[in-house]
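The next block holds one structure in the form of structure tokens; read it before the comments.
Nothing in this text is a laboratory measurement; each read-out follows from the coordinates by a stated rule. Note that the coordinates shown come from a computational prediction; the quantities given were computed from them, not determined experimentally. Note that each Cβ is placed from the backbone with ideal geometry, even for glycine, and that neighbours are counted across all protein chains shown.
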Amino acid sequence: MTGVTFALPDGSQLAVFDEEIPALADVLWSLSNLPGAVSCAGQLNHEKRRASAYRRPVALSEREGVALKRALAELQKARSRGT
């Protein structure tokens, strides 16, 4: 399994598998009023197109990191409800 790794401002890293990228990008777009959500979705889609051998951790700003964490929480909540 391949994916995209994000380097968060607090020094932690978060990996998103390729299979999760479309759903996560959709959630980020739906959170477009949240600062950093649109740019994070763009970076996610950009890295997905890059060959996995050439991927490096994507450094996120504080706002993008908050948006990514929120999107992951929303995605998890939706999946636990079965939607």
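Among residues of segment 17-31 that are among the aromatic types (Phe, Trp, Tyr), those with a Cβ under 6 angstrom from a residue that is assigned to a helix (DSSP H, G or I) and crowded, with 16+ Cβ neighbours inside 10 Å, sequence gap 6+ or separate chain, pair up as 29/41. Listed by position, the helices (runs of 4 or more DSSP H) inside segment 15-83 whose residues that are crowded, with 16+ Cβ neighbours inside 10 Å and of a type in the set (D, E, K, R) number at least 2 are 37-49, 62-81. Cβ-Cβ contacts under 7 Å between residues 6 or more apart (or on different chains), taken from a first residue in segment 44-61 that is of a type in the set (Gly, Ala, Ser) to a second residue that is assigned to a loop (DSSP other than H, G, I, E, B), are listed as 52/2; 61/9; 61/36.
Scanning segment 26-50 for residues that are aliphatic (A, V, I, L, M) and closer than 13 Å to residue 3 by Cβ yields a total of 1. Note on segment 1-14: among residues that are among the aliphatic types (A, V, I, L, M) and part of a strand (DSSP E or B), the one that is farthest from residue 56 (Cα to Cα) is 14.
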